[in-house]
Each structure stands twice: as structure tokens, then as C-alpha cells.
Amino acid sequence: VLLPLIDRMGDAKDQVREQAQNLILKLMDEAAPPMYIWERLAVGFKHKNYRSREGVCLCLIATLNIYGAQPLILSKLVPHLCTAFGDSNSQVRDAAILAIVEVYRHVGEKVRIDLTKRGIPPGR
């Protein structure tokens with residue numbers, strides 16, 4: 001179910017993208033733990049459609065806001081966000097930055113250290 005939902009997050013219509021994200025969040029609530037879902041959603045960071053890549057970043061923000069950082073293994077997701085920093089589309093880059101900011105809000109300095117290790121400049 002998740003792969004078609006990732007495709008739907010790349011739809012041209014805002015409402016379809018929002019409903020796809022809402023369904024993913026509902027699956028985390030009722031069907032499986034958030035990290036189980038995210039292990040399958042991570043392929044969306046490399047999706048061919050830029051809206052899908054952006055949608056996955058926005059979905060991570062929503063997940064953090066609802067569930068916090070405890071149920072997620074963020075060290076598995078941060079490398080995908082680092083890759084998205086260099087995306088060819090500015091909307092994906094912006095969404096990745098917003099997601100990292102949200103991760104930082106929940107985790108703190110550990111993220112900054114991890115980003116430095118991955119070669120992301122401190123000013124960024």
C-alpha cells in the first residue's frame with residue numbers, strides 16, 4: 001500500500017497529496033509502528049517525482065509532530081535528508097531543511113554533530 005501512496009504524494013492536486021499523507025499517518029496510528037512504516041517509506045526520498053520526494057520530507061515532519069522522536073530511529077532517516085539537501089528541485093531542498101530543523105527540535109545537538117560528520121557545513 002505504501003508505494004502507491006508515495007506515488008500519490010506526487011500528484012498534481014494538493015488534496016490528493018494531503019490525503020495520501022493523512023492515510024500514511026493513520027496507518028502509523030492503527031496498523032503498524034511509525035518506524036516500521038518509515039523503513040518502507042524511505043524509498044520515497046529517491047522517487048523520480050520531485051513532489052513525492054518533497055511529500056516524504058513533509059510526512060516526516062508530520063510524523064515527528066505527532067509521535068515525537070522516540071518511536072523513530074532518526075539515524076536511519078537523516079542520511080536521506082542529507083541527500084535531499086543537494087536535490088535538483090528547490091522545493092525538495094526546502095522541505096529537507098524543514099525536516100532537519102524539526103529533527104533538531106526533537107533531538108538537539110546530536111543532529112548537528114551527525115550533519116558535521118556527513119560533510120554538511122556548520123553554517124548551513
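Among what's in the range 1-19 and is part of a loop (DSSP other than H, G, I, E, B) and not hydrophobic (A, V, I, L, M, F, W, C), pick the residue that is surrounded by the fewest Cβ atoms within 10 Å (Cβ to Cβ). Filtering first and then ranking leaves Lys13.
Return the residues of the range 20-45 that are part of a helix (DSSP H, G or I), farther than 21 Å from Val78 by Cα and open to solvent by 20 Å² or more (accessible area, probe 1.4 Å); say none if nothing qualifies.
Kept after step one, since they are part of a helix (DSSP H, G or I), are these residues of the range 20-45: 20-30, 34-45.
Okay, now just the ones that are also farther than 21 Å from Val78 by Cα, so 20, 22-23, 26-27, 29-30.
Selection gives Asn22, Leu23, Lys26, Leu27, Asp29, Glu30.
Of all the numbered requirements in (1) under 10 Å from the mean Cα position of the chain (by Cα); (2) not in a helix (DSSP H, G or I), His80 misses one, and that requirement is (2).
Restricting attention to the range 12-48, which residues are among the acidic types (Asp, Glu) and under 22 Å from Ile97 (Cα atoms)? Walk me through how you get there before you give the answer.
Let us first name the residues in the range 12-48 that are among the acidic types (Asp, Glu), namely 14, 18, 29-30, 39.
Listed by number, the residues that qualify are Asp14, Glu18, Glu39.
Tallying residues that are of a type in the set (D, E, K, R) and either open to solvent by less than 80 Å² (accessible area, probe 1.4 Å) or in contact with a Phe, Trp or Tyr (Cβ under 8 Å, 6 or more places away or on another chain) (or both) within the range 77-97 yields 2.
Within the range 89-124, how many residues turn out to be among the hydroxyl-bearing types (Ser, Thr, Tyr) and within 17 Å of the chain's Cα centre (by Cα)? Write out each step before concluding.
So in the range 89-124, the residues among the hydroxyl-bearing types (Ser, Thr, Tyr) come out as 90, 104, 116.
If we keep only those that are within 17 Å of the chain's Cα centre (by Cα) too, we end up with 90, 104.
Here the count works out to 2.
Just one of the listed residues (Ile113, Ile66, Ile100) is without any contact (Cβ under 8 Å) to a residue 60 or more places away in the chain, part of a helix (DSSP H, G or I) and open to solvent by less than 60 Å² (accessible area, probe 1.4 Å), namely Ile100.
The values are calculated or read from the model by the stated rules, or taken from the named source; none is laboratory data. Computed from a prediction, not measured in an experiment: that's the story for all the values here. Ideal geometry is used to build each Cβ from the backbone, glycine not excepted, and the neighbour counts take in all protein chains shown. We work out accessible area using only protein heavy atoms, side chains counted, and drop any ligands, DNA or RNA first. Shrake-Rupley method; radii C 1.70, N 1.55, O 1.52, S 1.80 Å.
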